[in-house]
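S.K.: Structure provided below as structure tokens; questions to follow.
The values are calculated or read from the model by the stated rules, or taken from the named source; none is laboratory data. A quick note: this is a predicted structure, and the numbers were derived from the prediction, not measured. Methodologically, a virtual Cβ is constructed for each residue, glycine included, from the backbone with ideal geometry; neighbour enumeration extends over all protein chains shown. Quick note on the areas: whole protein, heavy atoms, side chains included, nothing else; ligands and nucleic acids left out. Shrake-Rupley method; radii C 1.70, N 1.55, O 1.52, S 1.80 Å.
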Amino acid sequence: MQSSITTIFFFLFFFICFNGPTMADSDDTIETNFRLPSPLPKWPSGGGFAAGAIDLGGLEVSQVTTFKKMWATNEGGSDNVGATFYDPVAIPQGFHSLGSYAHPNNIPFFGHILVGKDVSNDPSKPTLRSPIDYTLVWSSESVDIKKDGEGYIWVPVPPDGYKPVGFVVGGSSAKPPLDKVRCVREDLTDTMNMTDLETGMWVWGSGNDLDLDGLNVYASMAGFVVGDPSVGNDASRPSCLKNSNGNLSNSMPNLNQIEALIQAYAPVIYFHPNEPYLPSSVDWFFQNGALVYQKGVESKPKPIEIHGSNLPQGGSNDDTYWLDLPADGSSKDRIKKGDLEDACGYFHVKPVSGGLFTDIAIWVFYPFNGGSRAKVEFLNIDLGKLGEHVGDWEHVTLRVSNFNGALHSVFFSQHSWGKWVSVSNLEFHTGNKPAVYASLHGHASYPKPGCVLLGSGGGDIGVRDDTAKSSKVMDTGLHAVVVAAEYLGSAVVEPPWLNYERKWGPKIDYDVDKEMKKVKRVMIGKLKKAFERFVGGVPKEMLGEDGPTGPKVKTSWSGNEAV
């Protein structure tokens, strides 16, 4: 865990994205034109959070948001509208460019790139040095696409003991000047792999029947990767930065600053107007009759004490313990519906990218997850018990820049996966609070209302995730509880229920195949065969096979979000 925190997966190497071009000036210079709905607040004082620059251990980095266009293409990539490549300009005195910037043309411009400054005071081994040459990685000369002139991608050739962390884009076949960018001292870099990619978003490259000589550009946390960084020789394999100063908390928010971030950015969740299964607080669930069961003594379940103080701590998900609703039928039906007025947002705060960013995961608890619904061409079908389970944990994650405290992007968890959305593509409820739409019965999170068909493969058949705006709304900051911030040590005390790592619901003991046969009875011919084909691709949790585990058991608790 420590190595994953101290390594910067913020790949500066090359271009940095979250954008969409709008040429503002005749000289092709553009500044980030997206602004949050409300101005940034004045953050409480203390530490290095939102100080404008971050020291990684002799290498100070800052952000630049003004760029000059170097080359553009109007074909390929997302929506087949191309991408635009830039160099950073208006670089602060003493700082140097580390690479070029690029963005897809189909999303609003929200660009930034890191620049570096040597603060090591060691002239014999400075943290930054100019390259000794450049190697051409790719050229548009032989590619038949709609383009604004020709584009050339170069990788800097570093001096011994240094690594390039950025690629350079030019508009001619002449090599860039050696003083255009800087390479970084090797001990401040790390090897980058495809698993380090944060958003997983394909930005531009071969595809859509377009041949770009194998070029593919993928988005990382604030940049993108050309091809697979795990392959190729050392000269072409990109590196990423790492924090070597040994204290990630230098740039992280303190408790007062966390509270201010919650008030500024806590998402507002819209529930479907037909949603019967709403969230509650964990304590409400316990106080209203939830029970803890132990294998071997199932006939003697125990009430759960306040904050889950009598729940087994740690261990593993070994089927020895599980939670369930009260045995009384009327109480069970009431608790299934939750209590929206009492619902809490549970906040987990952690450093990412070596302390360049703060991730704030907001977990929401639902006592019950409803059954799934399917669309099979013109039919909408209730899948009965399939998808039902007791206890449902869902979350969204805010990524905040530690340079200025600005919201950078939001991760929307969707069953066993999810997606990052740039702040420039979000809908906001009030001020700078992102809007989140929870799907009917399943509670997956989406940035926009509508219907997503899961397992459809692009066809008109799949499990429905319906979202819509209604009067059922939860401001996750209203009853906000910070349950974990490991970097702050003992300043945040974790509640006992957080360290209960077994199931929050019992295993559903029904025959999935039998339930499927009930559904298929209403179908005929091609519809029945189409339904059978898509079922195999549906996530298991949507078929209600087992009770879920709590937040701390999820891989995203200490690692990156699953995309």
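S.K.: To the nearest 10 square angstrom, how much accessible area does HIS441 have with a 1.4 angstrom probe?
M.R.: Near enough 40 Å² of accessible area.
S.K.: Sticking with this one: Taking a threshold of 20 Å on the Cα-Cα distance, which of the pairs LYS375/LYS419; LYS68/LYS242; LYS332/LYS507; LYS350/LYS448 fall above it?
M.R.: On the way: LYS375/LYS419 23 Å; LYS68/LYS242 28 Å; LYS332/LYS507 17 Å; LYS350/LYS448 27 Å.
Checking Cα-Cα distances, LYS375/LYS419; LYS68/LYS242; LYS350/LYS448 exceed 20 Å.
S.K.: Would you calculate the separation in nanometres between label points at GLU494 and SER38, each defined as 7 Å from the Cα along the Cα-to-beta-carbon direction?
M.R.: Distance between label points: 3.2 nm.
S.K.: By the scheme Lys and Arg +1, Asp and Glu -1, what is the net charge of all other residues having a beta-carbon under 12 Å from that of TRP363?
M.R.: 0
S.K.: At a probe radius of 1.4 Å, what is the per-residue accessible area of GLU377, in Å² to the nearest 10?
M.R.: 90
S.K.: Quote the accessible area belonging to GLU501 in square angstrom, nearest 10, computed with a 1.4 Å probe and with ligands, DNA and RNA left uncounted.
M.R.: 50
S.K.: Compute from the Cα atoms of the range 40-103 the Rg and the Dmax, the latter being the longest Cα-Cα distance, and quote both in angstrom.
M.R.: That works out to 16.3, 47 Å for Rg and Dmax.
S.K.: Which of the peptides 99-110, 469-480 is most tightly packed, and how do the rest follow, going by the mean number of other Cβ atoms within 10 Å of each residue?
M.R.: Values: 99-110: 24.2, 469-480: 16.0.
With the highest mean Cβ count within 10 Å placed first, the list reads 99-110, 469-480.
S.K.: Compute the signed sum of charges (Lys and Arg +1, Asp and Glu -1) over the other residues within less than 13 Å, Cβ to Cβ, of PHE403.
M.R.: Result for the local shell: -1.
S.K.: Express the accessible area of the range 255-553 per residue in Å², computed with a 1.4 Å probe while the remaining protein chains stay in the model.
M.R.: On the way: 11700 Å² over 299 residues.
Heavy-atom SASA per residue in the range 255-553 reads 39 Å².
S.K.: How far apart, in nm, are the 7 Å Cα→Cβ label points at SER124 and LYS469?
M.R.: Once both label points are built, they end up 6.5 nm from each other.
S.K.: Quick check: net charge around GLY166, other residues with Cβ under 12 Å of its Cβ, Lys/Arg +1 and Asp/Glu -1?
M.R.: +2
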